[in-house]
Every structure is written in C-alpha cells, then in structure tokens.
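The values are calculated or read from the model by the stated rules, or taken from the named source; none is laboratory data. These numbers were taken from a predicted model, which means no experiment stands behind them. In this analysis, Cβ positions are derived from the backbone assuming ideal geometry, glycine residues included, and neighbour counts consider all displayed protein chains. Accessible surface areas use protein heavy atoms only, side chains included; no ligands, DNA or RNA. Shrake-Rupley method; radii C 1.70, N 1.55, O 1.52, S 1.80 Å.
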Amino acid sequence: MILTKIKKKFYYLRAKYFLKKEKFFDILDLSKRNYQTTGVELTDYFILASYIKKNKINSVLELGTGRSTFVIAEA
C-alpha cells in the first residue's frame, strides 16, 4: 500500500514537471477561466500530451469542449 502511494506521488510529480516544461500550465490556466473542470486529473493531461507528442499524432477526434481539448490542441 505504501509503495502504491509512493508510485502515485512519483507519477504525479513526473506529470507536473512535464506539463510545466512543455508550457501546458499556461493553456490550462487560460482554459480554467472559461470552463468548469470535468474531473480530469493532472496525470491524465500528462498521458494525453506525452502520447501525442511522442507518437507525433497530427489528427485527433475530440468529443466535448473541456480543458483536455486545449491540452490536445496544444500538443
């Protein structure tokens, strides 16, 4: 159980570092002004953005207009 908490904390810190380094926090701040959050966590943004960047995805079908839409568009 302690190992799971440490792993979760590490993953969260890794996500935060990536999003900060890639300037995704700026886009999240802008989107926060106009939209209410839908429950997506910081690590979800990390997974989305890093997958898109790593695999050089250039087309995404996005359903909805939440904050993750801004992250996907920026990635």
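Some points to look at:
- Selection count where residues are farther than 17 Å from K8 by Cα and open to solvent by 70 Å² or more (accessible area, probe 1.4 Å), scope the range 45-60: 8
- Test: L42 is under 8 Å from the mean Cα position of the chain (by Cα), open to solvent by less than 90 Å² (accessible area, probe 1.4 Å) and modelled with pLDDT under 80: yes
- Scanning the range 57-75 for residues being β-branched (V, I, T) and closer than 13 Å to F46 by Cβ gives a total of 2.
- Looking only at the range 43-65, residues that are farther than 16 Å from I27 by Cα and assigned to a loop (DSSP other than H, G, I, E, B) come to 10 in all.
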